1. In the neighborhood of I60, defined by Cβ-to-Cβ distances under 13 Å, what is the net charge if each Lys or Arg adds +1 and each Asp or Glu adds -1?
2. Listed highest first by mean packing, meaning other Cβ atoms within 10 Å per residue, what order do 105-113, 11-19, 69-77 come in?
3. So what is Rg over Rh here for the stretch 55-157, counting just Cα atoms and using Kirkwood for Rh?
4. Whole-Hz ³J(HN,Hα) for each residue in the stretch 98-106, computed from phi via Karplus 6.51 cos²θ - 1.76 cosθ + 1.60 with θ = phi - 60°, x for glycine and proline: what do you get?
Amino acid sequence: LDPASQTARPIDLERLREQSQLDLSAAGEALGAAGEGSVRTTSLPGTKTLAGRRCRGFRIAAPEASLDLYVADLGPGVGIDTFADFLEWSGASLALGPVLDEMRRLPGFPLETRTRARVHGQDLTVVTTVTKIELGPLGPGLFDIPAGYRIVNDPAGEEP
């Protein structure tokens, strides 16, 4: 949804998935494929509160990158497998390999991730943080287009 123009643009999920898989494949190559046994997980000291939840930290270290994850117990059915399933859908399992295997061993859902990598001689850091969590059934109409918005279809060939 674009509030400025009051337009809604439908997303082609299959095209989005294909683009994501291409992007993650390139990222996996840039980071260097981690071989079996070359990835290690360690606990980070202390805890952190994110979105009102107490989180434990873990570092997954690979030869060309490290990933800090702060995970929280969000209750039954919302664990690391939910996150890992999304990463697999997006194609990350192909790019991350043993890193994803290590991630699946963590005890909770990641509310913050910090990725550090050296790509083509440049140091990169990407941080994602969850700031709000609402658990429960989705409200009716959550994905309805608001009144007054018009649908704009993507022209052929535009990025998802």
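1. Working: positive: R40, R59, R104, R105, R114, R116; negative: E64, D68, D101, E102.
Charge balance in the 13 Å sphere: +2.
2. My ranking of the peptides, most packed first, is 105-113, 69-77, 11-19.
3. A ratio of 1.07.
4. Couplings: x, 5, 5, 4, 5, 4, 4, 8, 6 Hz.
Every read-out reported here was derived from the displayed coordinates using simple, explicitly stated rules and does not represent laboratory data. Treat the numbers as computed from the prediction; the structure is a model and nothing was measured. Every residue, glycine as well, gets a Cβ built from its backbone with ideal geometry; the counts of neighbours run over all protein chains shown.
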